[in-house]
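Asks: Let me give you the structure first, and then I'll get to my questions.
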Amino acid sequence: MSAAAEAAGPQPGVPEVMRAAVLFGPRDIRVVDRRVPLPGPDEVLVRVAMCGTCGTDLKIFDGHFPQTPPLGDYTPGHEWTGTVAATGSGVDEFAPGDRVCIEAHSGCGRCDNCLVGRYTACLNYGNRAKGHRASGMTVDGGFAEYAVHHVNALYPLPPRLSFEDGVLITTAGTGLYGLDVAGGYIAGLDVVVFGPGPVGLTTVQACQALGANQVILVGTRPAPLELGRRLGADHVINARTADPVRAVLDLTAGAGADVAIECSGGTEAPQQCTEVTKRGGKIVIVAFYPGQVTFDLGAVVRKDISIHTSRGEGGNNVKRAVALAAQGKLRGAEMVTHRFPLEDITTAFRVVRERDGNPVKVVVVP
Ligand SMILES: [Zn+2]
Ligand SMILES: [Zn+2]
């Protein structure tokens, strides 16, 4: 690109054209040239440093996600971080050169739920004209050299945190939001976390930071479980080699855990949560499932268990995640196991789908 074209971009030094991954059809993603988006008045243009992949992206790639932009004109990626390149006319909170991380959701700001702060449950979900956007889900996201986002959804990345940490901030916000909606008071409690994926592993660390009595991590793959132990789980249980229900009951003097947090998305996990949670305890579900799930709801009622669910990373919980990470209590970068250049995004998603090489967080670097 010529120097003249560079100068014609939205800000000095910002080109007009970028490389971006575009989803053309189910499992058909290609890296092509796209125009660099211009930030609207309340938006910020970010030079993306890296973008994480997650299970939600697999559903998007398979065409099983509602309200995405039209195929052929849609860049996914909702766990990105980078450096501010330009700001909209109404933005004075950030300036070019600032390092930022994000939350995916920005609500419409005008519906009943947004008015009480529940913007991940925005009643105008997917309605861009009314102001809602979920980066990489209902609007273009971060599998590209540049991305725009609403100023509400950006957070300064403290100097001691790397971009790898920044990617995991979005993930950590999910588990923290789940704890938030379930009451948030974890000090002294016995906690079980199902699923040693990125959400589970950040939730383990959050529960330790919040003073849990013991954090028990249940999974099926040795490598992520071992990582969970390094990141602070007091006990790890491989459900392929031990009965997780028996093991949790043994670790809690037969009573069960105060809180079970379901981060796995495994269809058997809700039943296991029911069996490991003590009478009067709580189950927090932050996973998505491939279909309908069967479990003994009567047992939940008989045990006086309350079930809480949450979606995404709302309620100031990304800000909380940034703070925990800055204190060294949330170690994100250790969870990044694989890096791929943007041009190899298809390979990156094959690794995520096939779990090739025991990935925890696979990131794409544009
Ligand atoms: Zn995700
Ligand atoms: Zn709303």
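Asks: Are there any pairs, at least 6 apart or on different chains, whose C-beta atoms fall under 7 Å, with the first in region 98-114 and more than 16 Å from Thr138 (Cβ to Cβ) and the second of a type in the set (D, E, K, R) and within 10 Å of ligand 2 (Cβ to nearest atom), and if so, which?
Replies: Close Cβ pairs (under 7 Å, with a partner that is of a type in the set (D, E, K, R) and within 10 Å of ligand 2 (Cβ to nearest atom)) amount to Arg110/Lys130.
Asks: Further question on the same structure: Need the failing condition index for Thr170 against (1) free of Cβ contacts under 8 Å to residues at least 24 places away in the same chain; (2) within 30 Å of Asn238 (Cβ to Cβ), just the number.
Replies: (1)
Asks: From the residues in region 114-128 that are part of a loop (DSSP other than H, G, I, E, B) and more than 7 Å from ligand 2 (Cβ to nearest atom), which one is surrounded by the most Cβ atoms within 10 Å (Cβ to Cβ)?
Replies: Tyr125
To keep it simple, each residue is scored yes or no on (1) buried (at least 24 other Cβ atoms within 10 Å of the Cβ); (2) within 28 Å of Gly328 (Cα to Cα); (3) away from ligand 2 (no atom under 16 Å from the Cβ).
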position	(1), (2), (3)
Pro96	no, yes, yes
Gly107	yes, no, no
Asp112	no, no, no
Lys130	no, no, no
Gly188	no, yes, yes
Val191	yes, yes, yes
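Asks: Here's another thing I want to ask about it. Please pick out the residue among Leu249, Leu217 that is at pLDDT 95 or above and open to solvent by 10 Å² or more (accessible area, probe 1.4 Å).
Replies: Just a single option satisfies the conditions, and that option is Leu249.
Asks: Take the residues in region 154-181 that are open to solvent by less than 10 Å² (accessible area, probe 1.4 Å) and of a type outside the set (A, V, I, L, M); name whichever of them is farthest from ligand 2 (Cβ to nearest atom).
Replies: Gly166
Asks: Take the residues in region 36-65 that are farther than 16 Å from Ala20 by Cβ and assigned to a strand (DSSP E or B); name whichever of them is farthest from ligand 2 (Cβ to nearest atom).
Replies: It comes out as Gly52.
Asks: Still on this structure, I have one more. Looking only at residues that are within 17 Å of Phe163 (Cα to Cα) and assigned to a loop (DSSP other than H, G, I, E, B) in region 132-150, which one is farthest from ligand 2 (Cβ to nearest atom)?
Replies: Among them, the one singled out is Glu145.
Rundown of residues vs (1) within 24 Å of Val192 (Cβ to Cβ); (2) open to solvent by less than 50 Å² (accessible area, probe 1.4 Å); (3) polar (S, T, N, Q), yes/no style:
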{"residue": "Val284", "(1), (2), (3)": "yes, yes, no"}
{"residue": "Phe295", "(1), (2), (3)": "yes, no, no"}
{"residue": "Arg302", "(1), (2), (3)": "yes, no, no"}
{"residue": "Ala333", "(1), (2), (3)": "no, yes, no"}
{"residue": "Arg350", "(1), (2), (3)": "no, no, no"}
{"residue": "Asn358", "(1), (2), (3)": "yes, no, yes"}
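Asks: Follow-up question, since we're still on this one. Among what's in region 74-93 and is more than 23 Å from the chain's Cα centre (by Cα) and in a loop (DSSP other than H, G, I, E, B), pick the residue that is surrounded by the fewest Cβ atoms within 10 Å (Cβ to Cβ).
Replies: It comes out as Asp92.
The values are calculated or read from the model by the stated rules, or taken from the named source; none is laboratory data. It should be emphasised that the depicted structure is a prediction, and the values quoted were computed from it without experimental measurement. Here the Cβ is made from the backbone with ideal geometry for all residues, glycine too, and neighbour counts use every protein chain on show. Each accessible area value is taken on the protein alone, full model and side chains, heavy atoms only, with ligands, DNA and RNA left out. Shrake-Rupley method; radii C 1.70, N 1.55, O 1.52, S 1.80 Å.
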